[in-house]
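Heads up, the thing below is written out as structure tokens.
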Amino acid sequence: MKSKASKRPVVAVDLGGTNLRLGLVTHQGRVVARSRAKMRSVTEKDVLCDLLAEKVSAFIERAGKGRVPGGVAVGFAGPTDSASGRVYFAPNVGGLGDFHLAEAMESRLGMRVVVANDADCAALGEYWQGAGKGAKSLFLFTLGTGMGGAMVIEGRLWEGSAGIAGEIGHTVVDIDGPRCACGRQGCLEALVSATAIIREYRKHRRRQTDMTGVTAKSVFQLARRGDRVALRVVADTARALGIGIANVYLLLNPEVILIGGGVARAGTMLIGPATRHARAEIFPALRDRLTVKRASLSDDAGLVGAAYLAYQRL
Ligand SMILES: [Zn+2]
């Protein structure tokens, strides 16, 4: 943010498996324009890059009134190395693997592009403008269809040596637990994600016929109304999440742990009991210092954090 040019708004992109979100973000972290589109299924890298470049260009025309932005920042749903802009694997975006998204986008758009993992972007967003503002270190759990994680340490995103640090969803918390999509058994993701909540509810309700339309949200709603099966599923989910929180606290000892993503909208019903479980799992003398909060930027976290990265790097 030294020169005038670097204060120009940045186009931030949040690219997930089903949704594509775009935002124009100022250097003060405000999202001043937004756009959202459904992602059509894409199984070729070139087609994905063409589609993305087309959407970004159209957004610049419309929201940026054609003015050249300071750069483009993409938060991508898959393990990504932000230093090189390389996507390792995109299980939720056409199953695509190993390509240099930043380079491909730069050649199409003729401007600088930074690419990072979407959970990393969300953590930076919460650090810059959200529930992690003012904290020197934080860890963010993103609870959605799957589970991601990311950390900011001493004000910097920590991506690890190859860019995949924070994959808390694929750490094992139950060695005899359910098989995870990654191949391991008893991963946190296999116990706490929306997919896991729906699976467990269906399993315990197997004698009842009408299971159409069951979502993680509806399971939480049922639990609020006192449904015994839903209450049990929520209690089990909170317990597993509590173990995950305790593991993160013991490994990294961050100042604050944030819970974000769609499943976090269950709010205190999940986060309260999970925090109590986590406290019971860590050293007694440290229990009061564990701080767990709900992330506050919701869907904007990824856009704001991607822009933060762009302002830092471009
Ligand atoms: Zn796994």
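A few remarks follow.
- The range 123-185: relative contact order in percent, alpha carbon pairs under 8 Å with at least 6 residues between: 22 percent
- For residue 313 and residue 231, a Förster radius of 41 Å and the Cβ-Cβ distance give a FRET efficiency of 0.35, rounded to the nearest 0.05.
- For residue 86, residues with placed amide H under 5 Å, excluding near neighbours: 81
- Spatial offset of the range 115-153 relative to the range 258-308 amounts to 10 Å, using the alpha carbon center of each.
- As a calculated quantity, the FRET efficiency between residue 291 and residue 182 at R0 = 22 Å, using C-beta atoms, amounts to about 0.15.
- Close amide H contacts of residue 137 (hydrogens built in the peptide plane, cut-off under 5 Å, sequence separation of 5 or more or a different chain): 154, 255, 256.
- Footprinting exposure proxy for 35, 41 (fewest neighbouring C-beta atoms within 10 Å first): 41, 35
- If R0 is taken as 30 Å, the Cβ-Cβ distance between residue 212 and residue 268 corresponds to a FRET efficiency of 0.55.
- Above-threshold pairs, the threshold being 32 Å between Cα atoms, out of 7/55; 45/293; 133/203; 65/136; 45/203: 45/293; 133/203; 65/136; 45/203
- Here the range 28-69 is described by how far its Cα atoms reach on the three principal axes: 36, 17, 16 Å, from widest to narrowest.
- Per-residue 3J(HN,Hα) values for the range 169-179, derived from phi via the Karplus relation 6.51 cos²θ - 1.76 cosθ + 1.60 with θ = phi - 60°, read x, 10, 9, 8, 10, 8, 5, 9, x, x, 5 Hz in sequence order (x marks Gly and Pro).
- Taking the chain and dividing mean pair separation by its residue count, relative contact order in percent (alpha carbons under 8 Å, at least six apart): 21 percent
- Degrees between helix 268-281 axis and first principal axis of the chain (Cα, 0 to 90, nearest 10): 70 degrees
- Of the chymotrypsin sites (Phe, Trp or Tyr not before Pro) in the range 224-314, not one is in a loop by DSSP (not H, G, I, E or B) with at most 10 other beta carbons within 10 Å.
- Coordinate range along principal axes, alpha carbons of the chain, Å, largest first: 56, 48, 34
- With all pairs of different C-alpha atoms in the average, the Kirkwood value for the hydrodynamic radius of the range 132-296 is 16.2 Å.
- Spin-label model distance (nm) - residue 250 vs residue 34, 7 Å beyond Cα toward Cβ: 3.9 nm
- Listed residues 124, 109, 138, most fluctuating in the chain (Gaussian network, C-alpha, under 10 Å): 109
- Couplings for the range 49-54, taken from phi via the Karplus curve 6.51 cos²θ - 1.76 cosθ + 1.60 with θ = phi - 60°, read 5, 4, 4, 5, 4, 4 Hz in order; Gly and Pro are left as x.
- 3J(HN,Hα) couplings calculated from phi for the range 245-259 with the Karplus curve 6.51 cos²θ - 1.76 cosθ + 1.60 (θ = phi - 60°) are, in sequence order, 4, 4, 4, 4, 4, 6, 7, 10, 6, x, 5, 9, 10, 10, 10 Hz; Gly and Pro show x.
None of the figures in this text is laboratory data; all of them are computed from the coordinates on show. Every value quoted in this text rests on a predicted model; they were computed, and no experiment measured them. Please note: Cβ atoms are built from the backbone with ideal geometry, for glycine as well, and neighbour counts cover all protein chains shown.
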